[in-house]
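Structure first, commentary second.
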Amino acid sequence: AAAAAAGVPIATVTERYTAVYHHDMEALGVLPPSLEPRATDHIARMIAMIERLIERGHAYEAERHVLFHVPSFADYGRLSGRDREDMIAGARVEVAPFKRDPADFVLWKPSGEDLPGWDSPWGRGRPGWHLECSSMIEEHLGETIDIHGGGQDLVFPHHENEIAQGTCAHGGRLYCRYWVHNGFVNVEHEKMSKSLGNILLVRDLLQQAPGETVRMALLSGHYRKPLDWTAQTLPRAQRSLDRLYGTLRDLGDVAATPDAPPPPAFIAALEDDLNTPQAFAELHELTRAANAVTDPGERARHKAELLAAGEVLGLLGQDPDAWFEGRGAERIDAKEIERLIAQRTTARVSKDFAAADRIRDELLRRGIALEDGAEGTRWRLTRDAETQRR
């Protein structure tokens, strides 16, 4: 519809949004996939799978449609745990008069001249969206795969239908060993939806915080559970990252122990169904230990473990000083800040604490927070200042 309204080919629209998606994923530090198949490149494979299902008695043609016959697959509904009536109601599809069973779903449907379509043994048409995934998985990953992911809203009917197609097309072989389904995102305790106007877009979040902060916020909850996004989500993630980077900065006097692995407790958390909240708890426990030790060898080991754990999560890849100073530092006068810090240091040495406090408060009003330590005074942008500058 969007392509027709703009008078452009469908590919123009899809390529535009594919590029946006790739940009967003790169900003969040998501590694690119080794393969990104497109349904439109696999029509021949889909037609072949449909023919196989018809041949084996799991599908039938009716009025230029081809439908999967659900009663032919005894395990249908096992993934979602729904009974038959719930499945029929939940499918939200029209119970067409040509269906043999109300639960039967479309594998191929006719296309008019105004819709995309391909030639097939059943006339010009297009595949059902469940079939697309089963066919691409068959071609690139084989008949049985290890892990299949998706949102909880895809458990039924999409994944249930995938299992039926894939299992029956391959003579009963197991379709998938493990299913992982992520929870929904809620915004200020309400479901994120277009109707409520509370859709969060990555490009908008990147105006509020660096991609690494958004990534940490998304990883802060267990993937299977709902993620409640509030006004405090990004600031909370920013503070957590600041603590981790702060520890790395304080460990700047030692070189990380070569090839040190992440802590065993951290790995155990991730091996327990990707328990990222527990993994973050282990990270913060590591920082507490690192901040408490003085032995150079122990500090070097803790630094290496922190960096190794961060690499696993796609975090802590920046230089700590760049993290604190580079977030918007190019838009402010760093030399002026250093000059004021030097004045404050002189005032403190002279015991003119009132003048030192005035300089500190003035910098804070400008969005610059000071941190005094054994190595001297460091500065960083506050969360509010960075947001304003962005």
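The values are calculated or read from the model by the stated rules, or taken from the named source; none is laboratory data. Owing to the predicted nature of the structure, the values given are computational and were not obtained by experimental measurement. Counting neighbours? That spans all protein chains shown, and the Cβs are built from the backbone with ideal geometry, glycine included. Only protein heavy atoms, including side chains, enter the accessible area calculation; ligands, DNA and RNA are left aside. Shrake-Rupley method; radii C 1.70, N 1.55, O 1.52, S 1.80 Å.
Please find, in a Gaussian network model of the chain (springs between Cα atoms separated by less than 10 Å), the residue of R224, R64, R339 whose mean-square fluctuation is greatest.
Taking springs between Cα atoms under 10 Å, the residue moving most is R339.
Place the peptides 167-179, 122-134, 98-110 in order of packing, highest mean first, counting for every residue the other Cβ atoms within 10 Å and averaging per peptide.
Details: 167-179: 16.2, 122-134: 20.5, 98-110: 18.9.
Most protected by this proxy first, the peptides run 122-134, 98-110, 167-179.
Note the full-extension length gain between L200 and S220 as 0.36 nm times their separation in residues minus their Cα-Cα distance, in nm to one decimal.
Extra length from L200 to S220 when fully extended: 5.5 nm.
As a test of reading the structure, rank S350, S34 by solvent-accessible area (1.4 Å probe, protein chains only), most first.
Working: S350 85, S34 130 Å².
Sorted by accessible area, descending: S34, S350.
Using only C-alpha atoms and all pairs of different ones, pull out the Kirkwood radius for the chain in Å with one decimal. Show your work: numbers first, answer last.
Working: mean 1/r = 0.0394 Å⁻¹.
So the Kirkwood estimate lands at 25.4 Å.
Loop-only GluC sites (Glu not before Pro) in segment 144-220, please: DSSP not H, G, I, E or B, and at most 14 other Cβ atoms within 10 Å.
Values: sites: E160, E162, E188, E190, E212; in loops: E188.
The qualifying sites are E188.
Once every DSSP H run of n ≥ 4 in the chain is given -39500 (n - 2.57) and the sum is divided by its residues, what mean residue ellipticity at 222 nm do you get, rounded to the nearest 500 deg cm²/dmol? Write out the running numbers ahead of the final one.
On the way: 16 runs with 182 residues, N = 390.
Helix-only estimate at 222 nm: -14500 deg cm²/dmol.
Can you list the residues of segment 53-67 with backbone N under 19 Å from a point 7 Å past the Cα of W118, pointing along Cα to Cβ?
Under 19 Å, as judged by backbone N against the label point of W118, lie 53-55, 60-61, 64-67 of segment 53-67.
Over the heavy atoms of M25, what accessible area does a 1.4 Å probe trace out, to the nearest 10 Å²?
Roll a 1.4 Å probe over it and M25 shows about 40 Å².
Where both partners of a DSSP beta bridge lie in the chain, what percent of those bridges are antiparallel, to the nearest 5?
In the chain, DSSP labels about 70 percent of beta bridges as antiparallel.
Suppose every K and R has +1 on its Cβ and every D and E has -1 on its Cβ; what is the size of the dipole of segment 258-321 about the Cα centre, in Debye to the nearest 20?
200 debye
Can you tell me the 0 to 90 degree angle between the C-alpha axis of helix 296-313 and the longest principal axis of the chain, rounded to 10?
Result, in degrees: 30.
What GluC sites (Glu not before Pro) in segment 1-70 are in a loop by DSSP, with at most 14 other Cβ atoms within 10 Å of the Cβ? Could you put the intermediate results ahead of the total?
Values: sites: E15, E26, E51, E55, E61, E63; in loops: E63.
Filter output for segment 1-70: E63.
Using a 1.4 Å probe on the protein heavy atoms, what percent of the accessible area of segment 249-359 belongs to carbon and sulfur? Don't jump to the answer; show the numbers that get you there.
Values: 3270 of 6050 Å².
C and S atoms contribute 54 percent here.
Quick one: how many Å² of D273 are accessible to a 1.4 Å probe, rounded to 10?
Around 60 Å² of this residue is reachable by solvent.
Solvent-accessible area of I43, probe 1.4 Å, all protein chains present, reported in Å² to the nearest ten, please.
That residue has around 20 Å² of solvent-accessible surface.
How long is the gain from D273 to A3 if the chain were fully straight, where each residue apart is worth 0.36 nm and the alpha carbon distance is subtracted?
Numbers: separation 270, 0.36 × 270 = 97.20 nm, distance 4.10 nm.
Additional length available on full extension: 93.1 nm.
Let's see if you can work this out: charge +1 on each Lys and Arg Cβ, -1 on each Asp and Glu Cβ, no other charges. What is the dipole magnitude of segment 164-251 about its Cα centre, in debye to the nearest 20?
Its charge dipole is roughly 340 debye.
With every protein chain kept in place and ligands, DNA and RNA left out, what is the accessible area per residue of the chain? Probe 1.4 Å, answer in Å².
Details: 21490 Å² over 390 residues.
About 55 Å² of surface per residue is accessible.
Using the crude model of +1 on Lys and Arg Cβ and -1 on Asp and Glu Cβ, and no other charge, please compute the dipole size for the chain relative to its Cα centre, in debye to 20. Before the final figure, lay out each step's value.
Values: 47 positive and 61 negative charges, 181 e Å.
Roughly 860 debye for the chain.
Among P37, G125, P102, flag the residue with its Cα farthest along the positive direction of the charge dipole of segment 1-148, charges on Cβ as +1 for Lys/Arg and -1 for Asp/Glu.
P102
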